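Before any comments, here is the structure.
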Amino acid sequence: MSLEGKKQTLLNNKYRYLSWILGFLFFVGPFAFLTTLVYFAIGNISSPDLHTICLRMPLDWVFSGRIYNLLGSPVMTGFTIIVLLIALFAGPLFCGWLCPVGSVSEAISRVLPIPKKFKLHIRDTNVTRSLRYGFLKGFILVSILVGIGYAGVSGICCRYYPSSVLQNLVNGLLTQPSALDYWHTGAILVLLFWSLIGGIFTFGGRGWCILFCPLGAASGLIHTIGARLGFYRTIKNEKYCKECGSCLDVCPMWAIGVGGSIERTLCINCKECVKKCPAHALNVVWGKVKKS
Amino acid sequence: MMAFAFAMMLCLTLYSGVYASSLGKAEIVHFWVAVPAGNVTEPMTLRGAGPPISMAPLTIDLDARGLPKKLLNPDVEAISTHWIYNLGKKPIRICLDLVNVTFPIEWEVKADWPYDPSTHTFTKPLPPGQRIPGLSVDWIFKIPAYYMDEQVIYDGGLLILDADSGQPLTFIPIKIVRGGTTVPQGGVGSCH
């Protein structure tokens, strides 16, 4: 994309990119303004960071049968419920507009000038969806096996966790350089797949979100239900579509198929396609829409 | 193609759980702590005012770590706990100490409980049957290069004291070795 094109994209999606900054300041320590406010309100004296709103543990607890952990971590549990409820009514907005993990990798991908030919991009949405839900099913199976005490596997939510990696990077850069001293194998693999392969060398920079985020995958499923019920979702008006393919080239979640169909389980209502479409064939709508 | 993609990702995820299980025995080993338990010389399960807690001496084999760790970050290792329970009958102010330290060990402590980092003491008494809420303690061992070829790199342990009386409550021996057996603890691989 030319410099002029990048500038236009930046202007078109300025609210989304500003929202990324807000998400970062809301949830990533030492800022974590939103979680600090919540902690203050409930009288918790510790300093929250990105780990406070774990994107994985509550789901792991549900499937491993550790419901008591859900009750003992009201902030984390409440956060997960809110994210899923928003996904039902308005689409996975947390994923597209606030999540620091996804926004950092997408931002890296957008800023670094790596030619498209060097970036991974699966254009068949059925394959992408299968990969995403193959992971989710595996995540659930691992949680169940850990829950029943099978010794051959361990939980994968903490061992491979990009939020910890991101928070450590921020700590190392801003407050505590020694945070960068210790890297376990899982953290090294996550850094490699989240920022390098899934970020820099993946089209859209959301390789981790698409393939390895259980909360994102669950949000996608719930958004599918919400869209069927008529809640907010992105739709394409066939009447106006010129089949130029520009929507395909901007969707960071690979949610638009070659034929222009939108794969609901991948779409995060980021509106990149809506802003890019020269024919205004894409819109985010609420309620029932007449077919054209 | 879709079925293949689904099955491939499912297998990869299951394998990552198996791999995590092997890593959990040698890298950032998580363990449980209960007081008072005395000297933990062998695997034991303690029953008292709170839930049953399993503990054992820790032996961390640096040779059993994952390849990326061995290649990229070999001389730093860590252990961690999220669980310190008071299984006794009276409230205790808990003080932590690592003994026989011969090289730098960094403490990273977070808790929803008052903590004094200069003395490694939780300044509020922990009632019987309760755990320190929101706890995360990581001990990061920065192993000097000249220790890396030793058979036994660290041979000490975690001592938990009653901060008011100075009496030892629990001692968990910790060894860091090159080659040998690792002893997984309760809680390894689980999330909090």
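The values are calculated or read from the model by the stated rules, or taken from the named source; none is laboratory data. Only a predicted model underlies this, so the values are computations on that prediction, with no experimental measurement involved. Glycine gets a Cβ as well: all are built from the backbone with ideal geometry, and neighbour counts include every protein chain shown.
Worth pointing out:
- Boolean, residue A:216 is more than 17 Å from the chain's Cα centre (by Cα) and in contact (Cβ under 8 Å) with a residue 12 or more places away in the chain: no
- Of all positions in the stretch A:130-152, none carries a residue that is surrounded by fewer than 17 Cβ atoms within 10 Å (Cβ to Cβ) and under 21 Å from residue A:259 (Cα atoms).
- The single condition among (1) more than 14 Å from chain A (Cβ to nearest Cβ); (2) at pLDDT 95 or above; (3) not in a loop (DSSP other than H, G, I, E, B) that residue B:164 does not meet is (3).
Per-residue answers, yes or no, for (1) closer than 16 Å to residue B:172 by Cα; (2) within 9 Å of another protein chain (Cβ to nearest Cβ); (3) assigned to a loop (DSSP other than H, G, I, E, B):
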| position | (1), (2), (3) |
| --- | --- |
| B:3 | no, yes, no |
| B:8 | no, yes, no |
| B:14 | no, yes, no |
| B:17 | no, yes, no |
| B:20 | no, yes, no |
| B:27 | no, yes, yes |
| B:45 | yes, no, no |
| B:49 | no, no, yes |
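- Selection of the stretch A:242-292 for residues being of a type in the set (Val, Ile, Thr) and touching a residue at least 40 places away in the same chain (Cβ under 8 Å) yields A:250, A:256, A:258, A:265, A:268, A:274, A:284, A:285, A:289.
- Once the stretch A:245-282 is narrowed to residues that are outside any helix (DSSP H, G or I) and among the charged types (D, E, K, R), the residue that is surrounded by the fewest Cβ atoms within 10 Å (Cβ to Cβ) is A:249.
- Just so you know, in the stretch A:119-129 the residues that are out of contact with any Gly (no Cβ under 6 Å at 6 or more places or on another chain) and over 12 Å from residue A:198 (Cα atoms) include one that is surrounded by the fewest Cβ atoms within 10 Å (Cβ to Cβ), and it is A:123.
- Considered as a group, the residues in the stretch B:51-77 that are within 12 Å of chain A (Cβ to nearest Cβ) and part of a loop (DSSP other than H, G, I, E, B) include one that is surrounded by the fewest Cβ atoms within 10 Å (Cβ to Cβ), and that residue is B:74.
- Among the residues of the stretch A:222-278, the one identified as at pLDDT below 95 and of a type in the set (Phe, Trp, Tyr) is A:240.
For (1) touching a helix residue (DSSP H, G or I) at 6+ places or on another chain (Cβ under 6 Å); (2) among the charged types (D, E, K, R); (3) under 15 Å from residue B:161 (Cα atoms); (4) buried (at least 17 other Cβ atoms within 10 Å of the Cβ), each residue gets a yes or a no:
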residue	(1), (2), (3), (4)
B:82	no, no, no, yes
B:85	no, no, yes, yes
B:92	no, no, yes, yes
B:98	no, no, yes, yes
B:104	no, no, no, no
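- Per the conditions (1) among the hydroxyl-bearing types (Ser, Thr, Tyr); (2) within 24 Å of residue A:15 (Cα to Cα); (3) surrounded by fewer than 22 Cβ atoms within 10 Å (Cβ to Cβ), the sole criterion not satisfied by residue A:219 is (3).
- Checked against (1) surrounded by fewer than 18 Cβ atoms within 10 Å (Cβ to Cβ); (2) in contact (Cβ under 8 Å) with a residue 40 or more places away in the chain, residue A:208 passes all but condition (1).
- Scope the stretch A:153-179; condition surrounded by fewer than 18 Cβ atoms within 10 Å (Cβ to Cβ) and either assigned to a helix (DSSP H, G or I) or touching a helix residue (DSSP H, G or I) at 6+ places or on another chain (Cβ under 7 Å) (or both); matching residues: A:169, A:172, A:173, A:174, A:177, A:178
- Within the stretch A:87-113, the set of residues being surrounded by 15 or more Cβ atoms within 10 Å (Cβ to Cβ), hydrophobic (A, V, I, L, M, F, W, C) and in a loop (DSSP other than H, G, I, E, B) comprises just one member, A:99.
- Residue under evaluation residue A:141, criteria (1) in a helix (DSSP H, G or I); (2) more than 9 Å from chain B (Cβ to nearest Cβ); (3) of a type in the set (A, V, I, L, M), criterion not met: (2)
- Scope the stretch A:145-188; condition among the hydroxyl-bearing types (Ser, Thr, Tyr) and more than 7 Å from chain B (Cβ to nearest Cβ); matching residues: A:150, A:161, A:163, A:164, A:175
- Scope the stretch A:190-205; condition surrounded by 21 or more Cβ atoms within 10 Å (Cβ to Cβ), part of a helix (DSSP H, G or I) and either among the small types (Gly, Ala, Ser) or facing another protein chain (nearest Cβ under 10 Å) (or both); matching residues: A:195, A:198, A:199
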